[in-house]
Amino acid sequence: MEERGQWRSNIGFLLAAIGSAVGLGNIWRFPYVAYENGGGAFLIPYLVALITAGIPILMLEFALGHKKVASAPKAFRIIDERWEWLGWWAVSFVMFGIVMYYIVVIGWCVNYVFFSLTRAWGEDPNGFFFGRFLGVSSGVWDLKGFRLPVVLAVAAVWFVNWFITFKGIEKGIEKAVKVMMPVLFGLTVVVIVWSLFLKGAGAGVQHYVTPDIDKIFHKEVWIAAYGQIFFSLSLGFGIMIAYASYLPRRANIFKNALIVGFTNSFYEVFAGFGVFSILGYMALKQNVALQEVVSSGIGLAFVAYPKAISLLPFGQMFGVLFFFLLTIAGISSSISIIEAFTAAYLDKFAGSRRKIITRICVVGFFGSLLFTTHAGLFWLDIVDHFLNQYGLITVGIVEAIIIGWMYRTDKLKVHIVSQLGLTGRRHKVFDYVVLRLWMYCIRFVTPVALGIAIVNSLLQEFAKPYEGYPVSGILVLGVGWILVTHLFAFGLAGLPWQKKHEAIRDVVEE
């Protein structure tokens, strides 16, 4: 049995955890969500959500992984054998769902790094992206064939992911993030500062930060805040549990959770200044209202930004930097998903890490091909919506209930305090002020807030099918994907554990 990996330094762990959290959504999703939900006023519910749900769940996952020295399935099995399936479901739907299409999007970014050199989209970025590049078909089931430029880029991205994870925690992931994260932050600063000095940038930023106080009293704004925090911190993926399991025996769980949580939030708020500076510049150059150029997600990255690149002086250089930035942000997240499933598999079945990584990446590549057809964009949109909106939030709710009410947060509380080394008055203050709030959030605030979010989504789903897609597409690609990964998780949970691993239970559980 191979020796379990370990981070060489705490900074390596922090960079890896931040890299997992900071992804494409921080750059292209948060600014739009903030703008739509009150601008600067959105930061109030957003900060409340970070403190009452984001950091508490992050602390929970860090403490669980560190205390049990285990991946998500093994950690939940130690608590109670009945809950092993939850850990498997978390790592399964992200490995055999989210990362498969996520790497396709990273592949698009790789293509656009090169497209930026010649401004290949010409005068029509929209027609180029949806037509010449993706060749989007007429509907969900009109597959036609594979898009070769996308397939080649996806193969390259999978190779990079394989190469990094193949080398392990210390020599692979830790070394990679120590290079990628400083480069990511440096590129982000360059792109944002460049954007802020453009004509019209001030008007764009004003739209981004101007508070609409009335929206604070709308429940939809609070639902959006909790949803954004949960999605952007990689919670419910099993990633943070796996990463924390590689920490040395003594590690400051509380401090690490604060650093990761606030760094991630600062990054996405900061990124919003760059996004809206560019949108303000576009609105000025095209002589239209800013509302006409505001977009999010795929439309922002692959249509709005190329338009801006075509208008900018030295636009090619800006485009290369921007899409390379997105590529790095994506890879730092995708390697964490692969590691979460790998850790789970090795915890239960042992074997050679390198062989398992190779098999996982080969299967992942062929799974990604499903999203490289002419209908791939439709498949990606449906699977992304259902796995994130329902799978991810369900894991978060059940996780909070299991730890808060069945296992009790008291056991993890003792573990967190033991890592801080506090005594006397400082111990009492920390216990009374911080950990009591943490326990309250885990038991009440988090499950209630996420429960309201999922009920609200379901009500909208029944009122109108998501994005007007055919029912067959929603049932097969949305509901079906969730059910298949669920059954897969139960199947893995039902398989026998290796004896050596099973014996660890008596050592780890205190």
Response to the item:
Note: among Val140, Val179, just one is outside any helix (DSSP H, G or I) and either in contact with a strand residue (DSSP E or B) (Cβ under 9 Å, 6 or more places away or on another chain) or not hydroxyl-bearing (Ser, Thr, Tyr) (or both), namely Val140
Worksheet item: In the list Phe462, Phe430, Phe386, Phe378, which residue meets the criterion of being of a type outside the set (D, E, K, R) and exposed (fewer than 15 other Cβ atoms within 10 Å of the Cβ)?
Response: Phe462
Worksheet item: So which of Ala304, Ala308 is small (Gly, Ala, Ser), in contact with a helix residue (DSSP H, G or I) (Cβ under 6 Å, 6 or more places away or on another chain) and within 24 Å of Thr118 (Cα to Cα)?
Response: Ala308
Discussion item. Quick check on the range 250-275: of everything there that is among the aliphatic types (A, V, I, L, M) and assigned to a helix (DSSP H, G or I), which residue is surrounded by the fewest Cβ atoms within 10 Å (Cβ to Cβ)?
Written reply: Leu258
Discussion item. Take Ile331 and tell me if it is among the β-branched types (Val, Ile, Thr), surrounded by 23 or more Cβ atoms within 10 Å (Cβ to Cβ) and within 26 Å of Leu380 (Cα to Cα).
Written reply: yes
Discussion item. If Gly145 meets every condition in (1) farther than 13 Å from Ser368 by Cβ; (2) touching a residue at least 12 places away in the same chain (Cβ under 8 Å); (3) surrounded by 14 or more Cβ atoms within 10 Å (Cβ to Cβ) apart from one, which number is that one?
Written reply: (3)
Item to complete: Determine if the range 82-89 includes at least one residue that is in a helix (DSSP H, G or I), of a type in the set (A, V, I, L, M, F, W, C) and touching a Leu at 6+ places or on another chain (Cβ under 7 Å).
Response: yes
Response to the item:
Only one of Ile27, Ile11 is in a helix (DSSP H, G or I), crowded, with 19+ Cβ neighbours inside 10 Å and touching a helix residue (DSSP H, G or I) at 6+ places or on another chain (Cβ under 9 Å), namely Ile27
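Only the coordinates and a few stated rules stand behind these numbers; no lab work does. These numbers were taken from a predicted model, which means no experiment stands behind them. Using ideal geometry, Cβ is built from the backbone for each residue, glycine included, and neighbour counts are taken over all protein chains shown.
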